[in-house]
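Read the structure below first, then the notes.
The values are calculated or read from the model by the stated rules, or taken from the named source; none is laboratory data. Note that this is a predicted model, so its numbers are computed, not measured. As a convention, Cβ positions derive from the backbone with ideal geometry for all residues, glycine included, and neighbour counts pool all protein chains shown. Heads up: the accessible areas ignore ligands, DNA and RNA and are worked out on the full protein's heavy atoms, side chains in. Shrake-Rupley method; radii C 1.70, N 1.55, O 1.52, S 1.80 Å.
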Amino acid sequence: MLDFFAIFSKGGIVLWCFQGAGVTEPFAGPVNALIRSVILQERSGSNSFTHNALSLKYKLDNEFELVFVVGFQRILTLTYVDKFIDDVQLHFRDRYKNELEQKGAMKFLLNDFEFEDDFKSLLRDAEESGRVRNPVAMRNFTESQKSQKTVKSMIESKGESKNKAQGGKKNKNAKKDVFYSQNILPCLLHLYSKSPKPQKPKTKEMRVWDMGGTKTKELDYSDDKVNGSYDAAGTDTEQAEPLYFLTLPSLLHRAKKGAFGGMFSMLKGLVGSKSLTRDDMESVLDKMRDHLIAKNVAADIASQLCESIAKKLEGKVMGTFTTVASTVKQALQDSLVQILQPKRRVDILRDVLEARAQRKPFIITFCGVNGVGKSTNLAKISFWLIENGYTVLIAACDTFRAGAVEQLRTHQRRLNSLHPPEQNGGRPMVQLFEKGYGKDAAGIAMEAIAYARNQGFDVVLVDTAGRMQDNAPLMTALAKLIAVNTPDLVLFVGEALVGNEAVDQLVKFNQALADHSMSDKPRLIDGIVLTKFDTIDDKVGAAISMTYITGQPIVFVGTGQTYNDLRSLNARAVVNALMKA
Ligand SMILES: Nc1nc2c(ncn2[C@@H]2O[C@H](COP(=O)(O)OP(=O)(O)OP(=O)(O)O)[C@@H](O)[C@H]2O)c(=O)[nH]1
Ligand SMILES: [Mg+2]
């Protein structure tokens, strides 16, 4: 039923893999897509991913830096898969613990992970448990365990309940022990409580009342309690001594005695081998989420990011003396840089050159909601292209808003005055292609492109009317314009002031483009122009929201209203602004 199962390191080395019987498709494609679209883009908040006809489920093992991935046909509903991945992970870790604990990537290359038999037996069990069980008939009272007990056996004596209470308390302590071991002192506690080998409870010699004298003092056994020998588990007196009273010399003395498994293990305990749990991170992640929202990251995205961080860190062994807060903060910072780092190279100047070699214009379409700065930034990009020696045709496809065509004409005049035709062999560097108002924008764009091809323009910049993402007729018109004219680049223009709205805008623009596309690989948004960056101080969250939703790079950042106010994104600076308190 499974198509494949793969275990690979986060560094990309495949440790072991399984391919289902009769499956011929290599699993490298889907796994690469998972790495590219989910793991590298910090979207590991959910544990599933779909790729063509396949469903992929995965689990990160942060302690050993491993990824476990299972793939199966999307149409199948395999209820056992989540538990199965957990089982395989635990089994694999247990079996190859020693190998995995070795340092460096060579451990993955040098060791043979013969996991086939174990895997098959786990799979058999899982498939078995996944089958629908026959309904089991209810037991009647005479068949129940309770009916077998006598009334006497159900009465709890005082001693028993005490033992139970102590047992309960012990468990509670054990939990507390792990939870607090982030600090050095409790870390010692953790170390101390773990070090002695589990002992069988000693059977205590029964006290016989006529054993020791008759005086009250002789009969007073209360000291035993103080020294700790009054211990239900039968551990010795020394062990029950509260550790935080121990001084360093006494610790060393214990280490010499081997009470901690030697000096080395003592130090190992001291420097902490604490693995992070979700509970440890919860409060820090909550604060991080609020901080990101305060920096204008869309709330949904902030939550997804924090979830992804939690998944990434859960089980990871913390470094020496690092706090949970600093570990989470560092992980978040790395993730933010990763999100902003372009996954795809967008080099417009090079692409224009390539298009010129093929004797066709390079076409860029600008879209976005009303008033975000499409026309202004289109003019800035024209200026940048002209400065680089390319000729530009602006297609005035906003046939809707009054003044839109005149606005572009003014830009064209100004740009040509900055780069007079006389300096360019009498040919204007920028020209406007316009057909007035009320006409079909897709048709005008098509005519403009044909004109640019005939006239040998290097670039066509298509200005479109602003539209709200919920306006279905206008969204359809935009999708048609893009489907018909197949531009080389579709840029979404969004302002940096946007908050939660960014998610809705981008999702709906992409959805409209996908819905009205005529090809099976629809043209979606290829890049983002983030405008009005000069107006937001350090609330730079929109940059994260936009790149996170689309997975596309921020190609330009608009930083003002003059032609020079166009920049490329500095991911580090944005992340620093985001992390700043
Ligand atoms: N401060 C600042 N203002 C900008 C920036 N980009 C555009 N603007 C201003 O935003 C306003 C709207 O710009 P337009 O270019 O007309 O916006 P548009 O998206 O074309 O608007 P519609 O065509 O009506 O949808 C203008 O006043 C611009 O000067 C920027 O990067 N920084
Ligand atoms: Mg405009």
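Some observations on this one:
- Each of Ser417, Ser129 has its accessible area taken with a 1.4 Å probe; listed largest first, they run Ser417, Ser129.
- For a paramagnetic label modelled on Arg427 (point 7 Å from Cα along Cα→Cβ), amide N atoms under 20 Å away belong, within the stretch 347-390, to 349-364, 382-390.
- Peptide ranges 483-493, 21-31 listed from the most packed, as the mean C-beta count within 10 angstrom indicates: 483-493, 21-31
- Contour minus Cα-Cα distance for Arg401 and Ser417 (0.36 nm per residue): 3.2 nm
- Across the stretch 491-532, C-alpha contacts under 8 Å between residues 6 or more apart give a mean separation that, scaled by the residue count, equals a relative contact order of 67 percent.
- Take every Cα pair under 8 Å whose residues are at least 6 apart in sequence, average their separation, divide by the length of the stretch 1-142, and the relative contact order is 24 percent.
- Of the peptides 87-96, 347-356, 536-545, the order by per-residue mean of other Cβ atoms within 10 Å, starting with the highest, comes out as 536-545, 87-96, 347-356.
- Globularity ratio of the stretch 470-522, using Cα Rg and 2.2 N^0.38 Å: 1.18
- Entries of Lys295/Lys374; Lys59/Lys374; Lys295/Lys508; Lys312/Lys480; Lys10/Lys580 with Cα pairs more than 31 Å apart: Lys59/Lys374; Lys312/Lys480
- Theoretical gain in end-to-end length, Tyr451 to Lys10 [0.36 nm per residue, Cα-Cα removed]: 153.7 nm
- Label point distance in nm, Asp290-Ala483, each placed 7 Å from Cα along Cα→Cβ: 4.7 nm
- Ranked by the mean number of other Cβ atoms within 10 Å of their residues, highest first, the peptides 46-52, 377-383, 4-10 fall in the order 377-383, 4-10, 46-52.
- Whole-number percent relative contact order across the stretch 450-538, with pairs defined as alpha carbons under 8 Å at least 6 apart: 34 percent
- Compared with the alpha-carbon gap, the fully stretched path from Met106 to Ala299 is longer by 65.3 nm at 0.36 nm per residue.
- Taking the stretch 332-346 and a reference point 7 angstrom along Cα→Cβ of Lys521, the backbone N atoms nearer than 16 Å belong to 344-345.
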